Amino acid sequence: MQDISIKRKTVPALKRALDVLDLLASHNGAFRFSEIQEQLKIPKASLFRILYQLLNRGYIQKDSETGRYKLGAKLVLLGTAFLDKLDVRDEARPIVKKLAQETGETVELAILNRGKILYIDKYESSESIRLVAEIGSQYPTLHASAIGKVFLAYMDKDEFNSFLKNVGLVKITERTIVDADTLIKECEEIKRKGFAYDNQECRIGVSRIASPIFNHLNKVIAAVGIAGPTFRIAPEKKEDMGQIVKKAGMDISRKMGYINGDRSSRLATNLHE
């Protein structure tokens with residue numbers, strides 16, 4: 001009963017302050033005092049007090065020349081703090097499960113940890129012939145799997161060259177890429193298409209398709225992919241299945257705050273420069 005009564009109560013001043021923030025957030029540009037008052041129908045004396053408090057706390061700012069109000073940096077800081085606390089594994093779990101059901105294959109979720117692929121979650125296929133993934137497994141040979149190639153594709157030049165120098169293009173199967181130029185071209189294609197594919201490059205009879213997961217700063221923080229027998233994840237199916245995996249990656253990315261170059265994402269990026 002107590003929870004119900006709390007839900008029914010409203011605090012007029014708080015509601016009006018939130019209305020002001022919603023108004024400023026829902027439009028590009030800024031508003032004069034008279035425009036805010038006209039749209040929200042807040043009494044002038046109350047609006048003065050609300051704007052003063054929001055200005056004082058940094059939630060909004062006022063242009064000294066035009067007198068217009070707009071959102072302040074404090075809101076970006078709060079949003080960034082929230083996004084930084086998001087756990088990719090928790091946010092991805094329902095999408096990982098859906099991807100496994102949609103494709104019928106084992107789904108793997110991985111991060112890059114000290115230059116190695118680290119599997120942090122999985123959802124295994126219900127098929128009798130399936131790949132069994134091990135959470136906690138780590139692999140340094142990024143070039144031999146779709147998930148690893150996703151991380152390589154989005155590395156900066158120094159990181160990429162460091163991988164080539166310290167790990168090298170080790171041949172694991174006869175299909176493993178061992179030529180740097182070929183790998184670079186494939187990384188360019190991965191960024192263009194939004195997903196990576198490996199055809200028995202890490203293990204004969206096993207293929208994978210993977211896609212990047214971005215955060216609110218538009219940085220790759222993880223990769224999600226499917227893994228299974230090559231007769232089910234065959235080269236002729238990679239385009240269609242790649243689009244499914246790519247969508248899963250983007251769905252997780254949005255839950256992690258990725259806005260695909262939107263204004264909010266750029267604001268967050270500027271704070272970290």
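The values are calculated or read from the model by the stated rules, or taken from the named source; none is laboratory data. Every value quoted in this text rests on a predicted model; they were computed, and no experiment measured them. Glycine also receives a Cβ, built like all others from the backbone with ideal geometry; neighbour counts cover every protein chain displayed.
Here are a few things to note about the model shown:
- Some residue of the stretch 171-190 being surrounded by fewer than 13 Cβ atoms within 10 Å (Cβ to Cβ), under 23 Å from the mean Cα position of the chain (by Cα) and modelled with pLDDT of 95 or more: yes
- Residue, farthest from Val167 (Cα to Cα), within the stretch 115-143, restricted to residues that are touching a Phe, Trp or Tyr at 6+ places or on another chain (Cβ under 9 Å) and charged (D, E, K, R): Glu134
- The set of residues from the stretch 151-170 being exposed (fewer than 14 other Cβ atoms within 10 Å of the Cβ) and not acidic (Asp, Glu) comprises Lys157, Asn161, Ser162, Lys165, Asn166, Gly168, Val170.
- Within the stretch 97-150, tally of residues that are at pLDDT 95 or above, touching a Leu at 6+ places or on another chain (Cβ under 7 Å) and surrounded by fewer than 21 Cβ atoms within 10 Å (Cβ to Cβ): 0
- Within the stretch 221-249, the set of residues being in a strand (DSSP E or B) and surrounded by fewer than 20 Cβ atoms within 10 Å (Cβ to Cβ) comprises Ile221, Pro229.
- Within the stretch 24-49, the set of residues being within 18 Å of Leu78 (Cβ to Cβ) and part of a helix (DSSP H, G or I) comprises Leu24, Ala25.
- Looking only at the stretch 144-159, residues that are within 9 Å of Ala210 (Cβ to Cβ), small (Gly, Ala, Ser) and in a helix (DSSP H, G or I) come to 2 in all.
Yes/no per residue for (1) over 20 Å from Gln138 (Cα atoms); (2) assigned to a loop (DSSP other than H, G, I, E, B); (3) among the aliphatic types (A, V, I, L, M); (4) not assigned by TED's automatic domain parsing to the domain that holds Lys97:
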| residue | (1), (2), (3), (4) |
| --- | --- |
| Asn161 | yes, no, no, no |
| Lys165 | no, no, no, no |
| Tyr197 | no, no, no, no |
| Glu201 | no, yes, no, no |
| Ile204 | no, yes, yes, no |
| Arg208 | no, no, no, no |
| Ser211 | no, no, no, no |
| Asn218 | yes, yes, no, no |
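- Some residue of the stretch 138-158 being farther than 23 Å from Leu109 by Cβ and touching a residue at least 12 places away in the same chain (Cβ under 8 Å): no
- Selection status of Val178, of a type outside the set (Gly, Ala, Ser) and in contact with a Lys or Arg (Cβ under 8 Å, 6 or more places away or on another chain): yes
- Scanning the stretch 85-119 for residues that are part of a helix (DSSP H, G or I), of a type in the set (Val, Ile, Thr) and within 15 Å of Ile135 (Cα to Cα) turns up Val88, Val96.
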